[in-house]
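Chemist: Just passing along the structure, written as structure tokens.
The values are calculated or read from the model by the stated rules, or taken from the named source; none is laboratory data. On a predicted model such as this, the values are computed, not experimentally measured, just so you know. Neighbour counts are summed over all protein chains in view; Cβ atoms, including those assigned to glycine, are modelled from backbone coordinates with ideal geometry.
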């Protein structure tokens, strides 16, 4: 006679190390309700704590904004310092170029004097052309360094840029103080005058007023009418 399945299971020994616990019929643990303190004192305390936390949060926000502004100021100072250094470096380079060009102007004068002193003959024509070519090339090189040559013919005399070698009388008042002739052109570099242009300036002198008998009579008539 065979034993029922349930009984067989109950009587058979369980494997060692395992234990089966059936909790399907166990009762769920009870959760105790939390009592909320809604008293006036507790509400006031919570509101004060909330205000304190909001104030602390606002302080931290202000601190963050302050640090952000500080970083912006540092960046602006850095950019400003870089710009100032670049400007100072540019000024230093231009100043050094100007000093070099001032010295080279003497070489330029030597070239010009050589051109003026060489007589134009059949034997010197080739030599003169060679010197002129070197002179033109030298001017191009100086121009690459920023040298500016100016000839202010017809301009108003400016003592900062022009040197008056003499003044000539002119009959037209519009030519008074105007440059009539440029003896030697001037040179600039970066807006700074390295050597002023040597010029001749016009000078206008108004002719004297010659009194005639008619003008004297008119003056006497005006004097009598005013009396």
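Chemist: Does residue 169 satisfy the condition of being loosely packed, with under 11 Cβ neighbours inside 10 Å and touching a strand residue (DSSP E or B) at 6+ places or on another chain (Cβ under 6 Å)?
Modeler: Values: loosely packed, with under 11 Cβ neighbours inside 10 Å: yes; touching a strand residue (DSSP E or B) at 6+ places or on another chain (Cβ under 6 Å): yes.
Yes, satisfied.
Chemist: Considering every residue within region 151-159, establish whether at least one is over 30 Å from residue 174 (Cα atoms) and either under 27 Å from the mean Cα position of the chain (by Cα) or surrounded by 12 or more Cβ atoms within 10 Å (Cβ to Cβ) (or both).
Modeler: no
Chemist: Is it true that residue 142 is surrounded by 12 or more Cβ atoms within 10 Å (Cβ to Cβ) and either touching a strand residue (DSSP E or B) at 6+ places or on another chain (Cβ under 8 Å) or touching a residue at least 24 places away in the same chain (Cβ under 8 Å) (or both)?
Modeler: yes
Chemist: From the residues in region 84-130 that are over 20 Å from residue 188 (Cα atoms) and surrounded by 14 or more Cβ atoms within 10 Å (Cβ to Cβ), which one is modelled with the highest pLDDT?
Modeler: In this case the residue turns out to be 128.
Chemist: If I ask for residues that are under 30 Å from residue 145 (Cα atoms), touching a helix residue (DSSP H, G or I) at 6+ places or on another chain (Cβ under 8 Å) and not in a strand (DSSP E or B), which ones from region 155-211 would you list?
Modeler: 190, the sole residue that qualifies.
Chemist: If you don't mind, there's one more thing I want to ask. Kindly indicate which of 77, 126, 116 is free of Cβ contacts under 8 Å to residues at least 40 places away in the same chain and under 43 Å from the mean Cα position of the chain (by Cα).
Modeler: 77
Chemist: Moving on to the next point. Residue 164 passes all but one of (1) under 34 Å from the mean Cα position of the chain (by Cα); (2) closer than 21 Å to residue 174 by Cα; which number fails?
Modeler: Among (1) under 34 Å from the mean Cα position of the chain (by Cα); (2) closer than 21 Å to residue 174 by Cα, residue 164 violates only (1).
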